[in-house]
Amino acid sequence: MNSLPLRLSVGCGTANLCFIVGPFRIVVDELWNNKASRGQVILPCTLYDLARVDNDPKIADVYQSVDFLTTDGMPLVWWFRGKTRQKVERVYGPDILAATLEHYPNAKHTILCPNLTVYDELAKKFSQKMKQKTAQLLLVGDSTDSGERKRLGKLIKDFAPKFVWIGIGSPNQVLLGTYFRDTLKMPITYWCVGAAIPFLAGTVNQAPRWMQRNGLEWLFRLVNEPRRLWQRYLVITPLFLLRIFFAQVRSTKS
């Protein structure tokens, strides 16, 4: 039996993605202790991420350069359990964020906020840490703009955090995280945690644990943010699952 955590290469579209899977604490400990002088980008991965990778070769190239992907969604947890016959748990962005803040209370953390409301709420929560210069909050404008990327990169470089938390949604957060890693070349871990940042701020409601455990978080989020998320959950991800299904049917017949 292989020791945990497992590092597995998973093909999706034109990309080979590097997953790290196993029990939550073992996976997170491995990521905390992984030494990367140029920095590392970690993405808690969902089916939506895989759908984007499968559908867009340009995005696939960027995701392939992510250092590690974890099992953020329950469908991926169930799939890896079946594939590896090992203990695989959900390694979920909000849980990673909470565990890391608790484990490294005195480390420097930079949090990239998607909007002013999130920024203001986190400024209240982290006011003491900001005074102590162990927390830095940055409001992200257009993350695809080269000037904005350079502005954020300079602020991060000057602050020199141990961890950077990017909460602007996929695939933009992955594009931004890999940009920072490749341009700053500092020993920083960039966590692409999406909604974990608004959850932490309390500006977006998080699904109850029973819904999370049963793979129903997508439904909770869709009901709460239908205008923003309907295409993700009702079009992009279902079409990806249908493509997988028909590919399996064709391979079985051939």
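The values are calculated or read from the model by the stated rules, or taken from the named source; none is laboratory data. The model shown is predicted, which means the values in this text are computed figures rather than measured ones. Cβ: placed from backbone, ideal geometry, glycine included. Neighbour counts: every protein chain shown. Ligands, DNA and RNA are stripped out before the accessible areas are found, and what is left, the full protein with its side chains, is counted by its heavy atoms. Shrake-Rupley method; radii C 1.70, N 1.55, O 1.52, S 1.80 Å.
Points to keep in mind about this one:
- Accessible surface comparison of HIS109, HIS103, probe 1.4 Å, protein chains only, largest first: the order is HIS103, HIS109.
- The chain - charge dipole about Cα centre, Lys and Arg +1 at Cβ, Asp and Glu -1, debye rounded to 20: 280
- Virtual paramagnetic centre 7 Å along Cα→Cβ of LYS185, amide N under 11 Å, in segment 150-173: none
- Global form of segment 21-150, assessed from the alpha-carbon gyration tensor, a/c cut-off 1.5: oblate
- Taking the chain and dividing mean pair separation by its residue count, relative contact order in percent (alpha carbons under 8 Å, at least six apart): 21
- 19 Å cut-off, amide nitrogen to a point 7 angstrom out along SER146 Cα→Cβ, residues in segment 163-189: 175-185
- Annotation for TRP230 and GLU102: the two label points, set 7 Å from Cα along the Cα-Cβ direction, are 3.9 nm apart.
- Taking every alpha-carbon pair within segment 93-196, the share separated by more than 25 Å comes to 10 percent.
- If the convex hull is drawn through the Cα atoms of segment 182-254, its volume per residue in Å³: 194
- For a paramagnetic label modelled on LYS133 (point 7 Å from Cα along Cα→Cβ), amide N atoms under 16 Å away belong, within segment 161-192, to 161-162.
- Loop-located trypsin sites (Lys or Arg not before Pro) in segment 40-136, at most 14 other Cβ atoms within 10 Å (DSSP): ARG85, LYS87, LYS133
- Rolling a 1.4 Å probe over the protein heavy atoms gives the chain an accessible area of 50 Å² per residue.
- Separation in nanometres of the label points that stand 7 Å from Cα toward Cβ, at ASP61 and LEU239: 2.2
- Accessible surface of the chain, 1.4 Å probe: 54 percent of it comes from carbon and sulfur atoms.
- Net charge, GLY215 excluded, C-beta distance under 13 Å - Lys, Arg +1, Asp, Glu -1: +3
- Compactness ratio for the chain: Cα radius of gyration over 2.2 N^0.38 Å (N = residue count) comes to 1.00.
- Taking ARG213, ARG232, ARG221 in turn, the Gaussian network model of the chain (Cα-Cα springs below 10 Å) assigns the largest fluctuation to ARG213.
- Prolate/oblate/rounded label for segment 46-117 (Cα gyration tensor, a/c 1.5): oblate
- Cross-link table LYS131/LYS157; LYS58/LYS108; LYS35/LYS157; LYS131/LYS154, entries beyond 25 Å C-alpha to C-alpha: LYS58/LYS108
- Environment charge of ARG38, counting only residues whose C-beta is closer than 13 Å and scoring Lys/Arg +1, Asp/Glu -1: +1
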